[in-house]
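Asker: This is the structure I want to talk about, given as structure tokens.
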Amino acid sequence: MNDQINDKSPIGFIGLGQMGAPMVRSLLRAGRKVHVYDINPQAVAEALSHGAIAANSIASLASQSDLIVTMLPSPSHVRAAFLDDDGILAHAAKGSLVVDCSTIDPETAKQLHQTSRLRGIDMADAPVSGGVLGAAAATLTLLVGAVPALFERIREVLAPVGSEFIRCGEPGAGQVVKIANNLLAAISMVATSEAMTLGVKLGADPVLLANAINHSTGRCWASEHYNPWPGVCPDAPASHDYVGGASTGILIKDLSLALGEAKGVTMPLFLGAIAQQVYQLSAAQGNGKKDFASVVNLYR
Ligand code: NAD
């Protein structure tokens, strides 16, 4: 582990989407120097307007940064960013630290950790929870798969983006915990959508209904902080035509990860499988790029 990497080290950040962009802003607010790369020029321009420095390729970003964070949609994107000829591992210096904050499968995370180690590069999985609101408020929970010493280093260098750092175990363990969490979050969003719509159709005021649920046994993150009914949580995507947030497509990917892992341990995921079908129907009806809370519109 490179002791030179600390809370002053410049950071290379790859993936400036719904989550990456606010995480970069938090790092910049904390006074960090951040080199950024994204295939979307608009996302890069937005980060530059907050003081980030553009890298014109992953290779150039990796050769300029001892600390690299990836925040990409799915396993294939992460594999390519790490393993391509012009990717991170071919260009990062020995002793660099790469933290993957994307949600991917544990096996890919373990393989990337092993390949990184063979090249003298430290790698950890640190998927995040808290959504776009948590990213904007810098209150994310980071679910870290890393040896203890590396965990402490990650907590130090990424402190500006999160308020909770949980060491889940060895490399890959952060992804295991994240996949289980998102299985529950995805199911509870569908359940909250059903409950909210039923109550409203039966005559309840949506704000009163949500408040009552949040003081009762149905309370959950979806009902309290990310309610799918427009106007209940003013900052949540549901109150902004479901723009921003976690896309339905991202949640379908997360449920695919959960179903794939469950198959590996011969375990049924009854509700996870149904939830995935519900989100796929929602995507087929045009909500693929909208926040996953738009699933409520299937019921309304
Ligand atoms: P997003 O689709 O909004 O952003 C992904 C970004 O990666 C985009 O800007 C895209 O242009 C960029 N990108 C794609 N391929 C690239 C490449 N080859 N090189 C560089 N940039 C590339 O996704 P998101 O919502 O920010 O999610 C990112 C990750 O975080 C996912 O794994 C997701 O599951 C996880 N996550 C999302 C949320 C959420 O609420 N959105 C919450 C927790 C975790």
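The values are calculated or read from the model by the stated rules, or taken from the named source; none is laboratory data. Fair warning: this is a prediction, and the values are worked out from it, not measured in the lab. Cβ coordinates were reconstructed from backbone atoms using ideal geometry, including for glycine residues, and neighbour counts include every protein chain displayed. Ligands, DNA and RNA are excluded from the accessible area calculation, which covers all protein heavy atoms including side chains. Shrake-Rupley method; radii C 1.70, N 1.55, O 1.52, S 1.80 Å.
Asker: Output the antiparallel fraction of DSSP beta bridges having both residues in the chain, as a percent to the nearest 5. Let's see the in-between values first.
Answerer: Details: 4 of 28 bridges.
Just about 15 percent of them are antiparallel.
Asker: Near residue 33, which lysines are there with a Cα under 28 Å away, not counting those fewer than 8 places off in the same chain?
Answerer: Answer for residue 33, where 28 Å is the Cα cut-off: 8, 94, listed by chain and number.
Asker: Given the C-alpha centroids of segment 43-68 and segment 132-152, what is the distance between them in whole angstrom?
Answerer: After rounding, the separation between the Cα centres reads 21 Å.
Asker: Which trypsin sites (Lys or Arg not before Pro) in segment 1-53 pass both tests, a DSSP loop state and at most 10 other beta-carbon atoms within 10 Å? All intermediate terms of the calculation are to be shown ahead of the outcome.
Answerer: Working: sites: 8, 25, 29, 32, 33; in loops: 8, 32, 33.
For trypsin sites (Lys or Arg not before Pro) across segment 1-53 that sit outside H, G, I, E and B with at most 10 neighbouring Cβ atoms in 10 Å, the list reads 8.
Asker: Could you tell me whether segment 1-156 comes out rounded, prolate or oblate from its Cα gyration tensor? Rule is a ≥ b ≥ c as square roots of the eigenvalues, rounded for a/c under 1.5, then prolate if a/b exceeds b/c, otherwise oblate.
Answerer: Rounded, because the longest to shortest axis ratio a/c is under 1.5.
Asker: In the neighborhood of residue 185, defined by Cβ-to-Cβ distances under 15 Å, what is the net charge if each Lys or Arg adds +1 and each Asp or Glu adds -1? Before the final figure, lay out each step's value.
Answerer: Values: positive: 178, 219, 253; negative: 224, 254, 291.
Net charge around residue 185: 0.
Asker: Quick check: net charge around residue 221, other residues with Cβ under 15 Å of its Cβ, Lys/Arg +1 and Asp/Glu -1?
Answerer: On the way: positive: 178, 219; negative: 164, 224, 235, 254, 291.
Result for the neighbourhood of residue 221: -3.
Asker: Under the definition of Cα pairs under 8 Å and six or more residues apart, what whole-number percent is the relative contact order of segment 176-298? Walk me through the intermediate numbers first.
Answerer: Details: 162 pairs, mean separation 37.8, N = 123.
Computed over segment 176-298, the figure is 31 percent.
Asker: Still on this structure, I have one more. How charged is the neighbourhood of residue 148? Take every other residue with its Cβ under 14 Å from the Cβ of residue 148, and add Lys/Arg as +1 and Asp/Glu as -1. Kindly include the intermediate steps, with their values, before the conclusion.
Answerer: Working: positive: 153, 155, 167; negative: 122, 152, 156, 170.
Cβ neighbours under 14 Å give a net charge of -1.
Asker: Can you give the % of DSSP beta bridges in segment 11-170 that are antiparallel, to the nearest 5? Write out the running numbers ahead of the final one.
Answerer: On the way: 3 of 27 bridges.
In segment 11-170, DSSP labels about 10 percent of beta bridges as antiparallel.
Asker: What FRET efficiency do you get for residue 166 and residue 191 if R0 is 25 Å and r is their Cβ-Cβ distance, rounded to the nearest 0.05?
Answerer: Details: r = 25 Å, r/R0 = 1.00.
Approximately 0.50, to the nearest 0.05.
Asker: Let me ask something else. As a check on your grasp of the helix formula, calculate [θ] at 222 nm for the chain: sum -39500 (n - 2.57) over DSSP H runs of n ≥ 4, divide by the residue count, round to the nearest 500.
Answerer: One gets -14000 deg cm²/dmol as the mean residue ellipticity at 222 nm.
Asker: Using a 1.4 Å probe on the protein heavy atoms only, what accessible surface does residue 23 show? Give it in Å² to the nearest 10.
Answerer: Surface accessible to solvent at residue 23 totals approximately 0 Å².
Asker: Another question about this same structure. Name the most mobile residue of 215, 91, 240, meaning the one with the largest mean-square fluctuation, in a Gaussian network model of the chain with Cα contacts below 10 Å.
Answerer: Maximum among the listed residues: 215.
Asker: List the lysines whose Cα sits under 16 Å from the Cα of residue 263, skipping any in the same chain fewer than 8 residues away.
Answerer: By straight Cα distance, residue 263 reaches 253.
Asker: Then there is this: Take the alpha carbon gyration tensor of segment 176-298, find the square roots of its eigenvalues, order them as a ≥ b ≥ c, and report rounded if a/c is under 1.5; if not, report prolate when a/b exceeds b/c, else oblate. Show your work: numbers first, answer last.
Answerer: Values: a/c = 2.00, a/b = 1.55, b/c = 1.29.
Prolate.
Asker: With a ≥ b ≥ c taken as the square roots of the eigenvalues of the C-alpha gyration tensor of the chain, please select rounded if a/c is under 1.5 and otherwise prolate if a/b is larger than b/c or oblate if it is not?
Answerer: Details: a/c = 2.03, a/b = 1.67, b/c = 1.21.
Verdict is prolate for the chain.
Asker: Next question, about the same structure. Return the loop-located trypsin sites (Lys or Arg not before Pro) in segment 157-242 (DSSP other than H, G, I, E, B) with at most 15 other Cβ atoms within 10 Å of their own Cβ; answer none if there are none. Provide the component values of the computation, followed by the final result.
Answerer: Numbers: sites: 167, 178, 201, 219; in loops: 219.
Qualifying residues, ordered by number: 219.
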